[in-house]
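Let me begin by presenting the structure, written as structure tokens, before commenting on it.
We did not get these values from a lab; they are worked out from the coordinates using the rules stated. Fair warning: this is a prediction, and the values are worked out from it, not measured in the lab. All Cβ positions, glycine included, derive from the backbone under ideal geometry; neighbour counts span all protein chains shown.
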């Protein structure tokens, strides 16, 4: 799967937008962002399971997922109003990730 950012005109713009999203969220959250481009995240919230994919609507807000970021303890789903143009992104612990076409079962918690 090739890297992309929704609404970008070309690959160069996609990388520039992504770098801007990372910088904005590092400043907002006061956390380092791990340099890993994530396409999809499967997570649990209020005892319900959800999947968010870059380029698709975020299931709980209906907004397009522009990027999914990772810090040392959490993952961040960035949409235009949550982590891209304004506001903080949605924050979750992942159950699994989709990286380069392969599902990776993943947890930042040891008791998961």
Problem - Least to most buried among 76, 42, 49 (fewest other Cβ within 10 Å first) - result: 49, 42, 76
Exercise for the section: Would you please state the base-10 log of I(q)/I(0) at q = 0.11 1/Å for the range 11-105, with intensities from the Debye formula using one equal scatterer on every alpha carbon? Expected result: -0.27
Problem - FRET E, pair residue 2, residue 23, Förster distance 30 Å, beta-carbon r, rounded to 0.05 - result: 0.85
Exercise for the section: Give me the number: length gained by fully extending residue 86 to residue 44, i.e. 0.36 nm times residue separation minus the C-alpha to C-alpha distance, one decimal in nm. Expected result: 12.7 nm
